[in-house]
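First the structure, in the form of structure tokens, and then the observations on it.
The values are calculated or read from the model by the stated rules, or taken from the named source; none is laboratory data. Everything numeric in this text was worked out from a predicted model, so none of it was measured. Positions of Cβ are generated from backbone atoms using ideal geometry, with glycine treated the same way; all protein chains shown enter the neighbour counts. To get the accessible areas, we keep the full protein, side chains included, count just its heavy atoms, and leave off ligands, DNA and RNA. Shrake-Rupley method; radii C 1.70, N 1.55, O 1.52, S 1.80 Å.
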Amino acid sequence: MSGTAIVGAQWGDEGKGKVIDLLAENADLVIRFQGGNNAGHTIVRDGEKWAFHLIPSGILYPGKRCAIGNGVVIDPKVLTGELDSLRARGVDVSGLRISANAHLIMPYHLMLDSAGEARLGKLQIGTTRRGIGPCYADKAARLGIRVQDLLDEKILKKKIVLAMEPKRLSLRPFAKAPELDLQAMTDAYVTYGHRIEQYIADTARLTWDVLDGGGDVLFEGAQATMLDIDHGTYPFVTSSNPVAGAACTGTGAGPRDIDEIWGITKAYATRVGAGPFPTELEGELADTLREAGGEYGTTTGRARRVGWIDLVALRYAARLNTLTALAVTKLDVLTGLGPLRVCTAYRGAEEARFDAYPYHQTVLHQASGEYEELPGWDEDISEAREEADLPQAARDYLGFVADFVGVPIALIGVGAGRDQVIWTETGRETAAGRRVALA
């Protein structure tokens, strides 16, 4: 058996969907372990673009077993809409399974999320206002509604009443909203239950059965390490744990079930929403990089903040996740940008220097990058399929990243297409690489 966890090693949007889609072809199960529809994975296959928000990226393989684990929070309206859209485009979704223990985003979560952000004014965190945080808060407070509750109307109604009672004051501005009518909400969610009942399952046992039967499981993370609620740039983070350790709690797998942990990173850096971003670029170069990389949110459409690659943060992510390999995406976006900069330390107040990622948020908010400059390249690398096809400057850039972070590079992305990748020698030796070679 083999378990491979795929996690974001930056602030999200690194191209995890493409990597998971590539590796999923030869996996026996793809299971997502955290987050909600505040995440978006984009895949380009045969020139056609696909955007996923809740359903694992492996779903494009007919009948592929794909699961939404217990650590995910689910908006059933979004989920059923995504299923309808996939069916309309001829995708076989019969292999999908949804954890009965996953928590549900309710209408009041959406309202509380938007109202909470509005109250913060200039101090907004930059949430997607999709109810993710309030849903996870209810889960921790043991007031959550779970997928299995959709199958019992009496229990569902009782749980909604209990969940809304402590929110009565906060929900007062929305008192007349039809979505908050108890019977209407119950009826709507019972209907969602009927629509997804065929997919509801014990996904922990499904995962165990695949692993114990000698199969291969891909654990799919959303968001990324620097947005982790415990280890990220708090409070400008997501409401779950996107680090590799959560692949266990979010699916029911055990720590020894995971053999490899891949960190996905762009060849540069991006961030959506507020929060510290030490290598952020502004002006004409930022605009050029943003347009070349198509840096607009899959879920929100928001323009992403862009910057040079931050190796201090990437090394921090490598240790947190105990990464066994890196996948570097969008290397082609750096083509023609001239000399390239890589952040190897931070400068803080009064010129204090930080070689390691600082733990104190005040330090981090004041930090800026200290850089080394590397040669760029002008050659088109989109057709490269072997490392030797890359210009020497591109190979040197990748070598610098791998050496500094202390993690070998397994895969290199040189374009949006599924085939626009380079497997390195290290990558071919991974479990995923060997599966591809045998396919």
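Here are the numbers for the structure shown:
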read-out	value
Residue under evaluation I31, criteria (1) touching a Ser or Thr at 6+ places or on another chain (Cβ under 7 Å); (2) hydrophobic (A, V, I, L, M, F, W, C); (3) in a loop (DSSP other than H, G, I, E, B), criterion not met	(3)
I55 vs. criteria open to solvent by less than 30 Å² (accessible area, probe 1.4 Å), without any contact (Cβ under 8 Å) to a residue 60 or more places away in the chain, not acidic (D, E) and not in a helix (DSSP H, G or I)	yes
Filter result for the condition that a residue is touching a Gly at 6+ places or on another chain (Cβ under 6 Å) and among the acidic types (D, E), over D355, D378, D403	D378
Of all residues making up the stretch 186-226, the number that are acidic (D, E), open to solvent by 40 Å² or more (accessible area, probe 1.4 Å) and under 25 Å from A432 (Cβ atoms)	2
Qualifying helices (runs of 4 or more DSSP H) (wholly inside the stretch 196-314; at least 2 residues being of a type in the set (D, E) and more than 25 Å from K77 (Cβ to Cβ))	203-212, 284-293
Where T265 falls short, out of the listed (1) within 15 Å of the chain's Cα centre (by Cα); (2) under 28 Å from G3 (Cα atoms); (3) open to solvent by 30 Å² or more (accessible area, probe 1.4 Å)	(3)
Any hit, the stretch 402-411, residues being farther than 28 Å from P235 by Cα and of a type in the set (D, E)	yes
Of the criteria (1) of a type outside the set (A, V, I, L, M, F, W, C); (2) within 23 Å of R302 (Cα to Cα); (3) in contact with a helix residue (DSSP H, G or I) (Cβ under 6 Å, 6 or more places away or on another chain); (4) open to solvent by less than 40 Å² (accessible area, probe 1.4 Å), which one T42 fails	(4)
Selected residue (only one of R385, R418 is within 17 Å of L23 (Cα to Cα), in contact with a Leu (Cβ under 7 Å, 6 or more places away or on another chain) and basic (K, R))	R418
Leading residue by the ranking (nearest to the chain's Cα centre (by Cα)) among those in the stretch 77-98 that are polar (S, T, N, Q) and over 20 Å from I160 (Cβ atoms)	S85
Count of residues meeting criterion [more than 27 Å from the chain's Cα centre (by Cα) and either under 28 Å from P278 (Cβ atoms) or exposed (fewer than 12 other Cβ atoms within 10 Å of the Cβ) (or both)] in the stretch 356-382	9
Subset tally (residues that are in a loop (DSSP other than H, G, I, E, B) and surrounded by fewer than 18 Cβ atoms within 10 Å (Cβ to Cβ)) for the stretch 144-185	9
Boolean, T335 is of a type in the set (S, T, N, Q) and either open to solvent by less than 10 Å² (accessible area, probe 1.4 Å) or within 21 Å of F400 (Cβ to Cβ) (or both)	yes
Residues (charged (D, E, K, R) and closer than 24 Å to V78 by Cβ) located in the stretch 153-190	E153, K157, K159, K167, E179, D181, D187
Selected residue (criterion: nearest to A201 (Cα to Cα)) from residues of the stretch 65-85 that are open to solvent by 30 Å² or more (accessible area, probe 1.4 Å) and not β-branched (V, I, T)	N70
